[in-house]
Amino acid sequence: MTADADFATPEHEQFRETVRKFVAAELRPRAREFDAMGRIDKTLFRKMGALGMLGLRYDPAYGGAGLDWSFTAVLFEELARADNAGVTLGISVHTDMATPSLAEFGSEELKRRYLVPSIAGEMVSAIAVTEPDAGSDVAGVKTRAVRDGDDWVINGSKIYITNAATADWLCLLAVTDPNAGYGGFSQIVVPTDARGFRYALLDKIGNWGSDTGQLFFDDVRVPVANTIGEIGRGFQQQMGQFQDERLVGCVSIVAAIEQLWEETRRWCEERVLFGRPLAKMQNTQFKMVELATEIRAARELVYACVRRRMAGEDATRLITMAKLFCGRVARRAADECIQFHGGYGYMKESAAGRAFVDTRLISIGGGSDETMLFYLAKQLGF
């Protein structure tokens, strides 16, 4: 993604170059290896932590950089060059889906025990919200945490959890008071070495470089002190955490489809059909121009969201719109680009083929398109 003028200070460019070199040295050469592994090598988190990439917006007192949202945008623009969407997904879960609530609401003890090593890359985290009967409808979560003295006793299951096999701890959303409605949920730090916890890996159609699984909690005991923020405020905290998740997803997907567009353009310039390059055919030109326009519009919308977050403003409605719009643009772009690649585009080694399955997740994960439409209808007064 071309850097916007607002995000092109010397500090941004220096950071961008650092991330770009890391991607070129550590991620791109191993992209297919990570696919075969089905997860990220955990040593990468330590390397990223040493370079200051895992706590960009967090308090320096805990090892963070204390920077604004624009640096997060730069990070995920460059990670999109890793040629492996699964790797980017696994990293984003750690940096912007599981740790934001801990950083904002966690006790000093929890931050020292879990946030500090997470920023350093010594621990990896995952967000545990989705359940077999509660996906985008978060209020339908049924996993229970029952208080027993100074402990929570947790029973239930979660599904489609990225970093399921990699995580050292979970940011778990559980019901702590079934009679309190939206005030009956709490976020709880659950270490994955706790007795009674186990996982089972799932086989995805895309994003192969990250592990995704189902989690099971069978009388898992953790201290009540592991509660993030106030007991009963978990639903509200999770809704806020979703905003970071969705915006990072938008930044990543727009950068990825911009790169795919460039690769497809090169393919069309080299591919000769009926005696002339595919790029010289009017149908190709018109479709590529339409995609470029839509991708540019998506990028500007995402940057508008980033600016809102930088200013400390409520960007919920705009981020929800961006999530909906960017997902649809990405899906259309991936479909058009695989078509331009023809038979080769259907091969797993093809960037277009990988993008076709990888981009599909953006309209499901972090809240489906239909959920975004439902929220927007309410926000717009319908």
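The values are calculated or read from the model by the stated rules, or taken from the named source; none is laboratory data. Computed from a predicted model, the values in this text were never measured in an experiment. Every residue, glycine among them, receives a Cβ derived from its backbone with ideal geometry; neighbour counts consider all protein chains shown.
Test Gly249 against the criterion of being small (Gly, Ala, Ser) and more than 19 Å from the chain's Cα centre (by Cα), and give yes or no. No: the conditions fail for Gly249. Considering the conditions (1) touching a Pro at 6+ places or on another chain (Cβ under 8 Å); (2) outside any helix (DSSP H, G or I), Gly312 is excluded by exactly one of them, (1). Entry remark, the range 22-68: residues being not hydroxyl-bearing (Ser, Thr, Tyr) and not in a helix (DSSP H, G or I) number 19 in total. Cβ separations smaller than 7 Å between residues 6+ apart or across chains give no pair from the range 103-114 residues that are without any contact (Cβ under 8 Å) to a residue 12 or more places away in the chain to residues that are not in a loop (DSSP other than H, G, I, E, B).
Among the numbered criteria (1) hydroxyl-bearing (Ser, Thr, Tyr); (2) surrounded by fewer than 24 Cβ atoms within 10 Å (Cβ to Cβ); (3) under 18 Å from the mean Cα position of the chain (by Cα), which single criterion is violated by Thr192? Going through the list (1) hydroxyl-bearing (Ser, Thr, Tyr); (2) surrounded by fewer than 24 Cβ atoms within 10 Å (Cβ to Cβ); (3) under 18 Å from the mean Cα position of the chain (by Cα), Thr192 breaks only (3). Considering the range 222-235 alone, what residues qualify as being buried (at least 16 other Cβ atoms within 10 Å of the Cβ) and either assigned to a helix (DSSP H, G or I) or in contact (Cβ under 8 Å) with a residue 60 or more places away in the chain (or both)? Scanning the range 222-235 gives Val222, Val224, Asn226, Thr227, Ile228, Gly229, Arg233, Gly234, Phe235. Taken over the range 314-332, the criterion of being buried (at least 19 other Cβ atoms within 10 Å of the Cβ) and at pLDDT below 95 is satisfied by Ala315 alone. It is to be established whether one or more residues within the range 306-322 are under 17 Å from Ala255 (Cβ atoms) and free of Cβ contacts under 8 Å to residues at least 60 places away in the same chain. Checked the range 306-322: no residue is under 17 Å from Ala255 (Cβ atoms) and free of Cβ contacts under 8 Å to residues at least 60 places away in the same chain.
Test Thr18 against the stated conditions and say whether it is assigned to a helix (DSSP H, G or I), hydroxyl-bearing (Ser, Thr, Tyr), outside the structural domain of Asn163 (by TED's automatic domain parsing) and farther than 22 Å from Ile362 by Cβ. It is true that Thr18 is assigned to a helix (DSSP H, G or I), hydroxyl-bearing (Ser, Thr, Tyr), outside the structural domain of Asn163 (by TED's automatic domain parsing) and farther than 22 Å from Ile362 by Cβ. Only one of the numbered conditions (1) touching a helix residue (DSSP H, G or I) at 6+ places or on another chain (Cβ under 9 Å); (2) over 22 Å from Tyr375 (Cβ atoms); (3) surrounded by fewer than 21 Cβ atoms within 10 Å (Cβ to Cβ); (4) aliphatic (A, V, I, L, M) is violated by Val289, and that is (1).
Name the residues in the range 59-87 that are of a type in the set (Ser, Thr, Tyr), in contact with an Asp or Glu (Cβ under 9 Å, 6 or more places away or on another chain) and closer than 22 Å to Tyr114 by Cα, would you?
Thr72
Report yes if Glu270 is within 27 Å of Arg30 (Cβ to Cβ), free of Cβ contacts under 8 Å to residues at least 24 places away in the same chain and either among the acidic types (Asp, Glu) or out of contact with any Asp or Glu (no Cβ under 8 Å at 6 or more places or on another chain) (or both), otherwise no.
Against the criterion (within 27 Å of Arg30 (Cβ to Cβ), free of Cβ contacts under 8 Å to residues at least 24 places away in the same chain and either among the acidic types (Asp, Glu) or out of contact with any Asp or Glu (no Cβ under 8 Å at 6 or more places or on another chain) (or both)), Glu270 qualifies.
Here Asn207 fulfils each of the conditions (1) touching a helix residue (DSSP H, G or I) at 6+ places or on another chain (Cβ under 9 Å); (2) of a type outside the set (Ser, Thr, Tyr); (3) assigned to a loop (DSSP other than H, G, I, E, B); (4) at negative phi apart from (4).
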